[in-house]
Amino acid sequence: MEHPKKSQSCELYPSKKEIHNYHGVVHSVISYGKEDDQQLNGTLSLIQESEKVVIEWRPNDVSIDTECQEDTEWALVNTNTRTRTSSGSVDGALSKLHVNIMLNDVKTIKVSNKKNKLTFTLKDNKQKVFFFHFGNVNQFFEELRTTVTLKRSHHDSNLYFVHDKNAIVQSFSDLTLVDRGGDTVWNLVGDLKRRPYETTLSTFSKLTELLLYRNPEARPEGAMVEILSSLSSTDGCPEVDDSYHFICPVLGPRKLEPRGIPLSQDHWETAKDTEGKIINPDHIKQIIFKGGITPSLRPELWKYLLCLYPWNSTKKEREDILNEKTEEYKRMRAQWSTMSADQESRFTFFRDKKSLVEKDVNRTDRTMPFYAGANNPNLELLSDILMTYIMYNFDLGYVQGMSDLLSPILAVLGNEVEAFWCFVGFMNIMYHNFDEDQSGMKKQLSQLHTLLTAVAPDLATYLDSHDSGSMCFCFRWLLVWFKREFPLEDVNVLWEVLWTGLPCTNFHLLICVAILEKEKNKLMSAGNGLSEVLKHVNDLSYNMDLNDILMRATGIYNQLDQSSNLTASTQRVLGLAHDLISVQQSQSEPEEIVGEEKIDVSMENGYEKSIEYNYF
Amino acid sequence: MAPAECEATYKVLVLGDSNVGKTCIVHRYCDQTYYDTYISTIGIDFKQKIISLDGTPIKMQIWDTAGQERFRTLTTAYYRGAMGILLMYDVTNQESFNNLTYWLKNIEENASPDVIKVLAGNKCDAVSQRMVEQDMGQKLAENYDIPFYEVSCKQNINIDKIFLTLARHIREQRSYQQLTEREHYDSGQNGNITLDLKSRILEHTSLKEPWKCTC
């Protein structure tokens with residue numbers, strides 16, 4: 001059954017046919033010395049357009065953090081099924097980055113030694129360079145071969161001359177000319193010898209065709225062969241440096257370090273000075289990151305982790321903060337609790353949110369002893385805090401999933417005011433998960449795809465080609481930070497680990513990667529499409545070993561942190577972009593020369609400014 | 001029954017406001033279970049059930065998602081390939097009924113134009129809390145020309161029936177499509193065949209007054 005939009009576009013562009021497309025192709029957008037030099041991830045497609053074949057590259061809607069807001073489709077990287085509209089008609093800034101190459105205009109194609117890069121040299125000698133993240137350059141190349149005739153250079157086994165179908169026909173007609181004994185062609189060869197670069201390559205390629213396709217006895221004289229050989233050696237394609245270190249990252253071995261022990265009462269007591277300030281918060285966070293917190297200490301520690309109390313506050317200051325926050329809470333609580341039914345009747349937004357809170361409170365963790373049973377007073381607390389949060393953050397109000405985020409906090413703290421402010425702290429981290437346009441979730445799903453590509457490129461490729469590149473099957477994991485995937489005690493540990501903000505930004509995405517990678521073989525088993533992937537992922541709920549996952553995620557982080565060949569986008573997601581500067585400074589290699597064009601690594605630093613992470 | 005033995009998989013979506021009983025009807029239909037309390041659905045999920053549709057094994061794949069409007073952005077993945085939609089409201093909640101027009105519009109915008117729809121008014125067992133009368137649902141269904149049933153997950157009323165109606169209509173739609181495709185290949189040598197096709201299929205599948213509610 002066709003998607004309506006899709007069928008519509010087919011009607012609009014009946015002559016256009018996408019032959020094949022390839023995900024994870026990075027295009028170097030290089031304009032010498034300009035600030036917008038960048039490496040963009042995207043999809044390379046072969047398109048049959050009437051009689052012509054076009055190579056089209058489109059950036060992923062998702063890989064560019066600053067621009068992903070532009071798209072209105074949720075399909076994200078899932079471009080396999082994307083509607084094809086007229087070239088370059090996509091809205092917004094992304095469309096400017098599109099690359100369209102008429103195959104007719106291509107002079108040569110060079111494949112890198114590592115088979116991960118294609119360099120197209122056009123007839124005007126401009127170059128377009130594409131890196132294949134997933135090493136599927138061969139597949140693309142084979143597809144290309146079915147469309148055009150590619151002739152390998154005698155002098156460079158990685159260099160191919162392009163002949164479109166028309167050119168072949170033309171070359172055979174030339175052959176007839178020669179057979180008739182006409183001199184035209186051989187005069188042209190003479191011209192080529194005298195003015196090798198000026199003479200058009202299309203003419204040249206016809207002759208190469210003639211030279212190579214003919215039976216040996218029918219070939220022109222040896223002198224002509226020599227002339228042609230000498231010409232093909234100066235093919236006008238500059239040598240291209242293959243050492244693209246940021247593509248196809250190869251990670252070092254993974255070390256799995258055992259988890260640590262939870263922060264103990266004794267340790268915590270010695271962590272404070274005489275005034276009650278925490279002497280070394282970073283050390284405490286390290287312990288929590290490695291082993292979590294002893295359950296009895298949670299009510300106290302969570303108030304620091306969730307920013308109710310600053311780590312350097314004294315006991316007295318904390319008392320003052322609590323008093324102040326209690327008053328503030330009471331004030332906001334009164335704002336909704338004093339609203340009359342009459343008032344509510346003219347307040348649709350409030351009424352809708354209140355109704356949602358009621359519905360969700362009644363179905364949040366009702367199997368937990370803390371919320372079990374009819375008329376459980378804790379349900380009222382849960383409801384009151386969520387209602388007060390509507391007043392605290394009226395623009396956001398209440399969105400499904402928020403009750404899941406509050407429930408463990410209230411159960412651990414047991415105190416309405418403290419639970420409210422800790423929930424506020426948590427929501428400050430999670431706010432973007434509940435964006436009206438879901439842009440925060442979309443961004444994270446795309447970042448997850450970026451990380452998965454770095455860690456398990458085969459799995460990322462597999463998902464892309466099986467209708468699952470949008471990663472939407474991880475939506476639940478991300479929205480409520482695995483609340484639905486682990487039993488409550490595990491959720492407590494996982495959240496306090498994540499609240500430390502260690503060891504990098506977006507560590508929760510590495511947890512996703514760790515799970516997906518662990519399940520890789522099952523996910524990639526024959527014929528799995530989105531429904532099978534979704535089913536498998538959903539069925540993992542309550543069937544995972546948190547400690548194992550945390551060890552793996554930490555191991556993956558260390559691999560990525562120590563890798564010197566990460567893509568810039570991977571570094572940005574993890575907040576490792578600063579490493580680029582230090583690597584560059586220590587190696588004193590500011591630039592890499594790529595053909596005629598230059599990529600300045602330092603340009604990547606500009607991204608740092610635009611990174612917005614919601615961690616504290 | 002192994003999937004390979006099934007003749008076809010019918011993808012069906014359950015849509016409707018939050019808390020109308022979407023997850024509940026999926027559990028009731030696929031697992032024959034009912035719980036008094038459910039957790040709200042986050043993201044997307046589905047369950048499958050193999051049914052015998054007049055002797056033919058068919059895999060019913062029932063997709064379930066969150067009801068809140070904000071999460072409609074997931075729809076591209078959700079709607080893709082959907083053949084049937086079970087649109088649901090809660091007879092004890094007027095708002096969920098009022099929002100049906102929103103849902104129908106959403107379906108029109110996202111689903112295939114020939115997707116099969118049925119309307120379900122859930123919780124028809126809750127007599128004392130009823131806010132939406134049966135004829136309201138009936139009238140709306142007639143306006144949109146879609147089959148309608150009042151159902152109860154709790155008391156297992158009309159659950160199998162409504163899904164079977166969906167499955168029959170999907171089969172009808174598919175065979176109609178296949179036949180018209182064949183007609184297309186035959187390059188219209190006899191125009192009467194195409195015209196006559198739909199009535200023949202309707203006759204064959206014995207879909208007589210499927211919208212009549214027996215609740």
Determine whether the range A:562-583 contains at least one residue that is surrounded by 21 or more Cβ atoms within 10 Å (Cβ to Cβ), charged (D, E, K, R), touching a helix residue (DSSP H, G or I) at 6+ places or on another chain (Cβ under 7 Å) and at pLDDT below 95. yes
Do we find a residue being more than 14 Å from chain B (Cβ to nearest Cβ), surrounded by 19 or more Cβ atoms within 10 Å (Cβ to Cβ), closer than 22 Å to A:ASN558 by Cβ and touching a strand residue (DSSP E or B) at 6+ places or on another chain (Cβ under 6 Å) anywhere in the range A:504-521? no
With respect to A:LEU451, is the statement that it is farther than 19 Å from A:LEU306 by Cβ and within 14 Å of chain B (Cβ to nearest Cβ) true? no
Count of residues meeting criterion [closer than 22 Å to A:GLU496 by Cα, assigned to a loop (DSSP other than H, G, I, E, B) and open to solvent by 30 Å² or more (accessible area, probe 1.4 Å)] in the range A:375-430: 2
Flag if A:ALA460 is of a type in the set (A, V, I, L, M), within 18 Å of the chain's Cα centre (by Cα), more than 9 Å from chain B (Cβ to nearest Cβ) and surrounded by 24 or more Cβ atoms within 10 Å (Cβ to Cβ): yes
Kindly provide the set of residues from the range B:35-46 that are more than 7 Å from chain A (Cβ to nearest Cβ) and buried (at least 17 other Cβ atoms within 10 Å of the Cβ), ordered by number. B:THR41
Could you give every pair whose Cβ atoms fall below 7 Å, whose first residue belongs to the range A:523-534 and is free of Cβ contacts under 8 Å to residues at least 40 places away in the same chain, and whose second residue is surrounded by 17 or more Cβ atoms within 10 Å (Cβ to Cβ), counting only separations of at least 6 or pairs across chains? A:SER531/B:PHE46; A:SER531/B:GLN61
With the requirement that a residue be of a type in the set (Ser, Thr, Tyr), over 23 Å from the mean Cα position of the chain (by Cα) and within 13 Å of another protein chain (Cβ to nearest Cβ), what does the range A:389-441 give you? A:TYR398, A:SER403, A:SER407
Hey, can you tell me all the residues within the range B:11-61 that are β-branched (Val, Ile, Thr) and farther than 15 Å from B:LYS154 by Cβ? B:VAL12, B:VAL14, B:ILE39, B:THR41, B:ILE42, B:ILE44, B:ILE50, B:ILE51, B:THR56, B:ILE58
In the range B:50-80, how many are in contact (Cβ under 8 Å) with a residue 24 or more places away in the chain, more than 20 Å from A:VAL357 (Cα to Cα) and in a strand (DSSP E or B)? 12
Considering each residue of the range A:522-536, count those that are away from chain B (no Cβ under 14 Å) and either of a type in the set (S, T, N, Q) or touching an Asp or Glu at 6+ places or on another chain (Cβ under 9 Å) (or both), and give that number. 2
Return a yes/no flag: does the range A:307-321 have any residue that is touching a Lys or Arg at 6+ places or on another chain (Cβ under 9 Å), part of a helix (DSSP H, G or I) and under 24 Å from A:ASN492 (Cα atoms). yes
Looking at the range B:33-40, can you tell me whether even one residue there is within 24 Å of B:PHE97 (Cβ to Cβ) and either in contact with a Cys (Cβ under 7 Å, 6 or more places away or on another chain) or in a strand (DSSP E or B) (or both)? yes
Is one or more of the residues making up the range B:111-122 buried (at least 18 other Cβ atoms within 10 Å of the Cβ), of a type in the set (S, T, N, Q) and part of a strand (DSSP E or B)? yes
Could you list, in sequence order, all residues of the range A:330-346 that are closer than 16 Å to A:ILE390 by Cα and either within 45 Å of the chain's Cα centre (by Cα) or of a type outside the set (Ser, Thr, Tyr) (or both)? A:LYS330, A:ARG331, A:MET332, A:ARG333, A:ALA334, A:GLN335, A:TRP336, A:SER337, A:MET339, A:GLU344
Could you pull out every one of the helices (runs of 4 or more DSSP H) wholly within the range A:502-547 that has 3 or more residues that are out of contact with any Lys or Arg (no Cβ under 9 Å at 6 or more places or on another chain) and under 20 Å from B:TRP63 (Cα atoms)? A:530-539
When the range A:337-371 is checked residue by residue, the ones that are assigned to a loop (DSSP other than H, G, I, E, B), more than 10 Å from chain B (Cβ to nearest Cβ), free of Cβ contacts under 8 Å to residues at least 40 places away in the same chain and open to solvent by 30 Å² or more (accessible area, probe 1.4 Å) are A:THR338, A:SER340, A:ARG346, A:PHE347, A:PRO369
For B:GLY16, state whether it is within 21 Å of A:SER403 (Cα to Cα), more than 10 Å from chain A (Cβ to nearest Cβ) and of a type outside the set (D, E, K, R). yes
Just checking, how many residues over the range B:19-34 are of a type in the set (Lys, Arg) and within 11 Å of chain A (Cβ to nearest Cβ)? 0
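The values are calculated or read from the model by the stated rules, or taken from the named source; none is laboratory data. Remember, predicted model here, so these are calculated numbers, not experimental data. Using ideal geometry, Cβ is built from the backbone for each residue, glycine included, and neighbour counts are taken over all protein chains shown. Accessible surface areas use protein heavy atoms only, side chains included; no ligands, DNA or RNA. Shrake-Rupley method; radii C 1.70, N 1.55, O 1.52, S 1.80 Å.
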